[in-house]
Amino acid sequence: MEKWYVIQTRVREEEKLVSLIEKMIPPECGLYRKCFVPKNENVWKLKGMNLTEIEVLFSGYVFVITECPEKLFVELKSVPKLSKLLGETTDDEGREFVPLSDKEQEFMENILNPADYVVHRSLIHRNKQGRIDQAKGPLEHYVDNIVKVDNSHRRILIDIEMFGRMRRIKFCFMNEEDCRIEGVPLPEWQRESDGL
């Protein structure tokens with residue numbers, strides 16, 4: 001079964017490490033399916049327009065998806081600039097490469113677009129009291145984890161456990177007005193009378 005593993009490196013050198021791994025251990029060798037840097041779509045407002053840019057989601061971290069971690073672990077040891085294999089532990093037989101927990105992997109699979117490994121903007125819906133009660137997209141399963149909403153910058157912060165500790169993660173969103181301006185079709189929302 002494929003599991004997700006994390007490699008720690010220097011901040012702003014994530015893409016360099018991915019390129020180095022792909023050069024020294026090409027995906028064709030069959031030791032991993034994908035090596036990537038998860039990214040986040042960030043929104044900036046300029047003169048009333050939403051501008052987006054793509055930024056690194058977890059600075060200093062590179063992810064790798066593999067079914068054969070032991071073999072990959074051995075090969076990764078030869079890669080220069082490799083800082084640390086996250087979750088690396090020592091057991092009676094030597095070193096071990098530990099995957100994300102099932103819950104952490106599920107979170108990453110839920111929020112990342114599998115085509116580009118980017119957390120794209122979510123569409124949000126507010127109830128009659130103005131609270132966000134529904135979302136479509138990466139935030140869909142995590143509405144209850146929202147701790148802060150910045151409406152003017154279209155950002156939401158959620159708290160979630162990742163890498164063994166609580167982390168605050170930024171999601172960007174579109175509201176119904178943004179959808180109309182940008183020509184994005186509005187989704188069918190569940191009505192409040194349906195239990196929300």
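Beta carbons closer than 7 Å, at least 6 apart along the sequence or on distinct chains, pair a first residue in the stretch 56-76 that is in contact (Cβ under 8 Å) with a residue 12 or more places away in the chain with a second that is loosely packed, with under 14 Cβ neighbours inside 10 Å and not charged (D, E, K, R) for Ser59/Val11; Gly60/Val11; Glu67/Met1. Taken together, the criteria place Val147 among residues that are of a type in the set (Val, Ile, Thr), modelled with pLDDT of 90 or more and exposed (fewer than 12 other Cβ atoms within 10 Å of the Cβ). Of the residues Glu55, Glu70, Glu104, only one is surrounded by fewer than 19 Cβ atoms within 10 Å (Cβ to Cβ), modelled with pLDDT of 95 or more and either among the hydrophobic types (A, V, I, L, M, F, W, C) or not in a strand (DSSP E or B) (or both); which? Exactly one residue qualifies, and that residue is Glu104.
The rows are residues; the columns are (1) within 17 Å of Asn50 (Cα to Cα); (2) among the aliphatic types (A, V, I, L, M).
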site	(1), (2)
Val119	yes, yes
Ser122	yes, no
Val143	no, yes
Gly183	yes, no
Pro187	no, no
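With respect to Arg121, determine if the residue is modelled with pLDDT of 95 or more and either assigned by TED's automatic domain parsing to the domain that holds Lys45 or in contact with a Phe, Trp or Tyr (Cβ under 7 Å, 6 or more places away or on another chain) (or both). Taking the combined requirement at face value, the residue satisfies it.
Does the stretch 23-36 contain any residue that is within 30 Å of His153 (Cα to Cα) and either outside any loop (DSSP other than H, G, I, E, B) or of a type outside the set (D, E, K, R) (or both)? Within the stretch 23-36, one or more residues are within 30 Å of His153 (Cα to Cα) and either outside any loop (DSSP other than H, G, I, E, B) or of a type outside the set (D, E, K, R) (or both). Residues of the stretch 168-180 that are loosely packed, with under 14 Cβ neighbours inside 10 Å and either assigned by TED's automatic domain parsing to the domain that holds Leu51 or touching a residue at least 12 places away in the same chain (Cβ under 8 Å) (or both): Arg168 alone. Applying the condition of being of a type in the set (Ser, Thr, Tyr) and surrounded by 11 or more Cβ atoms within 10 Å (Cβ to Cβ) to the stretch 73-101 and asking which residue is modelled with the lowest pLDDT yields Ser83.
The values are calculated or read from the model by the stated rules, or taken from the named source; none is laboratory data. Note that this is a predicted model, so its numbers are computed, not measured. All Cβ positions, even for glycine, are placed from backbone atoms using ideal geometry, and neighbour counts span all protein chains on display.
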